[in-house]
């Protein structure tokens, strides 16, 4: 670890350090009300901690495969635990490394803490309970990958009940039956049109097509706002085979 790592991690202004301390907006009816309050009543300190932990995360990721005792010794040689500010860095290690682990039932478990007890390892790194080496957590995935997986799951679920054939033609599954619908743009308000699929009046401002039919669908009932169903008809067996669908 580089010798100036503590300075990189913690020595920068606290947020918001340039905001002056002041009253919290408390108002008094007269001077007698303020006379019975302590000197610091109504004052607040808006400053918060402002660590830059990205270099620490990158350093720990590069140490994967090394003995954790050696890595921790190198860190303590640079970070002085007697300094309250630098000691705060050591308190953040639990966010990146699971030190006390055990394999239970084929799953990597972090040993009990004071508040949560036994739990699955969620940190990106962990200490191998058999070898003492620092390892990468195979179950750790980035938030971008989690977001992509959620989006793909939503698309797969939506494809099960909704297909778009063209700009004006869509397929919808209603009560286990597939229908082909014709969509058209809604006129400007206050004009009202009857939606043949939702079976209710809609307009461009308060259209039910703009709302979510289900929490897992985020693009609206018809995939885009500002349209409604003019007509619909149920698909026959030949059309179902042509579209690769089944009821």
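Annotations
- Most to least packed among 85-93, 119-127 [average Cβ atoms within 10 Å]: 119-127, 85-93
- For the peptides 96-104, 168-176, residues were scored by their other Cβ atoms within 10 Å and the scores averaged per peptide; the highest-first order is 96-104, 168-176.
- Report note on the peptides 152-165, 61-74: ranked by the mean count of other C-beta atoms within 10 Å, highest first, their order is 61-74, 152-165.
- Note on residue 164 and residue 144: the extension gain reaches 4.5 nm, defined as 0.36 nm multiplied by sequence separation minus the Cα-Cα distance.
- The stretch 162-207 shape via C-alpha gyration tensor axes, a/c threshold 1.5: oblate
Any read-out appearing in this document is the output of simple, stated calculations on the displayed coordinates, not a laboratory observation. No experiment lies behind these values; they were computed from the predicted model shown. Glycine also receives a Cβ, built like all others from the backbone with ideal geometry; neighbour counts cover every protein chain displayed.
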